[in-house]
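Some notes on the structure that comes next.
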Amino acid sequence: MLDARARLLLKALVERYIADGQPVGSRTLSKASGLELSPATIRNVMSDLEDLGLIVSPHTSAGRIPTARGYRLFVDTMLTTQHDQLSASHITAPRLAPDQPQKVFSNAAHMLSSLSQFVGVVMAPRRTSVFRHIEFLRLSEKRFLVIIVSPDGDVQNRVIFTEADYTQSQLFEASNFLNSHYAGMAIEEVRERLKNEVDALRGEIAALMQAAVKVSTEAIESRDEVVVSGERNLLAVSDFSSDMGNLRKLFDLFEQKAQLVRLLDVSSRAEGVRIYIGGESQVIPYQELSVVTAPYEVDGQVVGTLGVIGPMRMPYEKMIQIVDITSKLVSSALSQSK
């Protein structure tokens, strides 16, 4: 909807603001765009861009800065990636330790952070929801500990509360039934079979087992691991450092990780690099943040997602290359380790 002149001026304004972090005035924009236009003409175009919600004037300056909508138009239609800016040689594959998948994720997050100078995030592949063994331990009235052992020996403990109380012998009965009939099955399959077989069980034991299956699902799902690196880099970003309240919210985001898991899970269903600007993702509702993500694969099958989180004022061309190259290297390292 913009004519060529307005597009060129918007592109120049976004690029200048990304580079300098200062509101861009008409004089600066005239030089940056290379257009021989009068200051009055440039001001008129900037006024039109502001009316369209693409740029805004901060209270303290006569210059303009891009809005989230302006960044989105820039990223979608004006971005030109210079492939010679960054190459895979900047990220050496041996550091990804292909024989140790966990090191692949931690090293990849560190590399994303180091290369971007922002925050690197990697979501490890979703683990199998199969249990090998389950036990119940009575803690107090109507309060029990569920111990879930996975096939690889990982142990998860969860406390459940029930409407009815159970003796330890009833707990043994329930755990023996689950272990003898359902060990080695996926939790989701156990849940479905319990629904069908509930009539064959004594009511109180069935209720206990259904509660256990529910908490087992939550325990296994909580094992989805997000590796985060470089949170402290945000302290050096002027867009954030002036507002300690915002910084505190961001650090809470990285510590809790639940929102990151949802965002990266959504991103894993998309092909190639995805860019979320401001609050676009609706999963991470922070207007000041942008997220660049890409899925990674094992033998052609998407198994996880990685990305960079930083301010809206980030060099998107460089971030796209960093994320794209890292996802390819992670895919290669994980495929070699099989």
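The values are calculated or read from the model by the stated rules, or taken from the named source; none is laboratory data. This structure is a prediction, so every number in the text was calculated from the model and none was measured. Every residue, glycine as well, gets a Cβ built from its backbone with ideal geometry; the counts of neighbours run over all protein chains shown. These area figures cover heavy atoms from the full protein model, side chains too; ligands, DNA and RNA do not enter into them. Shrake-Rupley method; radii C 1.70, N 1.55, O 1.52, S 1.80 Å.
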Condition set assigned to a helix (DSSP H, G or I) and among the hydrophobic types (A, V, I, L, M, F, W, C), scope the range 8-24, selection nearest to residue 314 (Cα to Cα): answer is 18
Selection over the range 56-75 where residues are of a type in the set (A, V, I, L, M) and either part of a loop (DSSP other than H, G, I, E, B) or within 12 Å of residue 277 (Cβ to Cβ) (or both) yields a count of 4
Only unsatisfied item for residue 86, checking (1) modelled with pLDDT of 70 or more; (2) touching a helix residue (DSSP H, G or I) at 6+ places or on another chain (Cβ under 7 Å), is (1)
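Restricting to the range 39-55, name every residue that is touching a strand residue (DSSP E or B) at 6+ places or on another chain (Cβ under 6 Å) and outside any helix (DSSP H, G or I). Please lay out each step first, then the result.
If we filter the range 39-55 for residues that are touching a strand residue (DSSP E or B) at 6+ places or on another chain (Cβ under 6 Å), which is where we start, we get 46, 49, 55.
Within the range 39-55, just 55 meets the criteria.
Here are some residues: 5, 27. Which one is closer than 23 Å to residue 316 by Cβ, assigned to a helix (DSSP H, G or I) and touching a residue at least 12 places away in the same chain (Cβ under 8 Å)?
On the way: 27 fails: closer than 23 Å to residue 316 by Cβ.
Result of the check over 5, 27: 5.
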Among residues of the range 126-138 being open to solvent by 40 Å² or more (accessible area, probe 1.4 Å) and at pLDDT 75 or above, the residue farthest from residue 164 (Cα to Cα) is 132
Over the range 175-198, the set of residues modelled with pLDDT of 80 or more and either part of a strand (DSSP E or B) or more than 17 Å from residue 130 (Cβ to Cβ) (or both) is 176, 177
Conditions (1) assigned to a loop (DSSP other than H, G, I, E, B); (2) modelled with pLDDT under 85 -> residue 240 fails only (1)
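Residue by residue, here is whether (1) of a type in the set (Gly, Ala, Ser); (2) farther than 30 Å from residue 303 by Cα holds:
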| position | (1), (2) |
| --- | --- |
| 132 | no, no |
| 138 | no, yes |
| 171 | no, yes |
| 177 | no, yes |
| 183 | yes, no |
Inside the range 309-322, the number of residues satisfying the requirement of being within 21 Å of residue 73 (Cβ to Cβ) and open to solvent by less than 10 Å² (accessible area, probe 1.4 Å) is 5
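Regarding residue 294, is this residue modelled with pLDDT under 90, within 24 Å of residue 106 (Cβ to Cβ) and crowded, with 19+ Cβ neighbours inside 10 Å?
Working: modelled with pLDDT under 90: no; within 24 Å of residue 106 (Cβ to Cβ): yes; crowded, with 19+ Cβ neighbours inside 10 Å: yes.
The answer is no for residue 294.
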Of the conditions (1) modelled with pLDDT under 85; (2) open to solvent by 80 Å² or more (accessible area, probe 1.4 Å), the single one that residue 172 does not satisfy is (1)
Here the residues within the range 30-75 that are of a type in the set (A, V, I, L, M), closer than 27 Å to residue 321 by Cβ and either modelled with pLDDT of 85 or more or open to solvent by less than 40 Å² (accessible area, probe 1.4 Å) (or both) are 54, 55, 65, 68, 73, 75
